[in-house]
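What follows is a short report on a single structure.
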Amino acid sequence: MNNKPLHILVSPLDWGLGHASRCVPLIHYLLNAGHRVSVAGSGLSLELLQKNFSDRVTYYRIPGYHITYNKRKGRFTSRIISQLPHIRQTIRKENQWLLALCRELELDGIISDNRYGICHPHIPSVILTHQWQILSGIHPWADRVLLRWHERQLRRFRQVWIVDRESASRNLAGKMSHPPGNRIQDKVRYIGHLSQIIPRPGTASGSDENQVLALLSGPEPARTWLMEAILRQAERLPQYRFKIISGTSGFPHTAASHIEIAGMVPAPEVQKAIESAALVICRSGYSTLMDLLALRAKALLIPTPGQTEQEYLAANLMAQNICYSRSQYELDLQQDIPAAFAYAGFTVLDLPVNQSFRPVLDQWLEDLNP
């Protein structure tokens, strides 16, 4: 095996912060192994990686998807279908952008997190996803159509890295990471759970029983709607100390003395906030759940309205008595916080984090560097 440093491009999708945050452990691993990393991204997800890695990597701006979601339950698929021409155009644009970049840069490998256009015919390209099966929320036939469409996109990559466990019975994404059939099974590698958080020995969440953390993520305008709802209700609950991490580069709100507001913060500060909190109020986005899993936290889950994936994940965890879930439109923190404390939390879901990806990534790097 040749041990020369490789140049790897990492490109996360810009739908919320989760795709970027779960790339953090991969980038750390590559840098610590002596490889050169470039990042292609856009919006707040690119800003998150800049805060985490500063000048240790090179950054490139790439066209964003700018997808909007219907806030009404059951309309997710129709809304996405209406934007398919825009999505296809963005995939073409990002692929053209990549081809132009590769005429200037010498890349050895590409890691795309759900960006279907970040795939090169002559440079080994892999894609990260936890949604092998995209859920329509309307009918099994629609799920089958989405699965076939998705597998057509995934086939373009040399490998597909599923961010979950290979076990169909003990995992986090449920049926999304273990669909029926095996049409692309030869490309699939399960890399386990990824989190920007690295648990410290002897630490876990819940060190302050009155501290409640609101961790906001996901696309606008749903992020701001939830922020405003939490602020309104938290004002009337001085028995708790609230910390709200808005996930934006600036938030102009002022608040009562028992409420602290932060904007965009790097991973170590997110970790410290979760460790200090007895309860985390957050979306049920997959990357957020992996952060909670890393620290065995308790959570009140509020799915982003209209996002079938988040509704499924929250319902699945609530059915297992792990987390309490509440609709954004029915949120009542005075009742929901005590209800959430009654659930077991992620302590009962004993799954490893930031471990299983290493042999898969090592083998891929070895294949790039024979």
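Before moving on, here are some points about what is shown:
- Residues in region 5-49 that are at pLDDT 95 or above, polar (S, T, N, Q) and assigned to a helix (DSSP H, G or I): ASN32 only.
- GLN335 surrounded by fewer than 12 Cβ atoms within 10 Å (Cβ to Cβ) and at pLDDT 90 or above: yes
- Residue within region 351-369 that is out of contact with any Gly (no Cβ under 7 Å at 6 or more places or on another chain) and β-branched (Val, Ile, Thr) present: yes
- Test result for GLY64, in a loop (DSSP other than H, G, I, E, B), modelled with pLDDT of 85 or more, under 30 Å from ILE197 (Cβ atoms) and not assigned by TED's automatic domain parsing to the domain that holds LEU215: no
- Residue in region 270-291 that is touching a helix residue (DSSP H, G or I) at 6+ places or on another chain (Cβ under 9 Å) and at pLDDT below 85 present: no
- Candidates ASP350, ASP367 - the one that is acidic (Asp, Glu), outside any helix (DSSP H, G or I), within 30 Å of ILE111 (Cβ to Cβ) and out of contact with any Ser or Thr (no Cβ under 9 Å at 6 or more places or on another chain): ASP350
- Failed condition for PRO266, given (1) more than 16 Å from the chain's Cα centre (by Cα); (2) under 27 Å from PRO199 (Cβ atoms): (1)
- Some residue of region 232-246 being part of a helix (DSSP H, G or I), modelled with pLDDT of 85 or more and surrounded by fewer than 19 Cβ atoms within 10 Å (Cβ to Cβ): yes
- Per-region count, region 323-370, residues free of Cβ contacts under 8 Å to residues at least 12 places away in the same chain and either closer than 26 Å to ALA229 by Cβ or among the aromatic types (Phe, Trp, Tyr) (or both): 3
- Checked against the criterion of being buried (at least 24 other Cβ atoms within 10 Å of the Cβ) and in contact with a Cys (Cβ under 8 Å, 6 or more places away or on another chain), the candidates ILE281, ILE302 yield just one match: ILE302.
- Residue match in region 26-38 (condition: in the same structural domain as GLN363 (by TED's automatic domain parsing) and within 19 Å of ILE245 (Cβ to Cβ)): no
- Test: residue in region 131-148 that is aliphatic (A, V, I, L, M), under 18 Å from LEU351 (Cβ atoms) and crowded, with 16+ Cβ neighbours inside 10 Å: no
- Test: residue in region 159-177 that is more than 25 Å from GLN307 (Cα to Cα) and modelled with pLDDT of 90 or more: yes
- Being touching a helix residue (DSSP H, G or I) at 6+ places or on another chain (Cβ under 7 Å) and β-branched (Val, Ile, Thr) is a property that ILE138 has.
The values are calculated or read from the model by the stated rules, or taken from the named source; none is laboratory data. It should be emphasised that the depicted structure is a prediction, and the values quoted were computed from it without experimental measurement. Every residue, glycine as well, gets a Cβ built from its backbone with ideal geometry; the counts of neighbours run over all protein chains shown.
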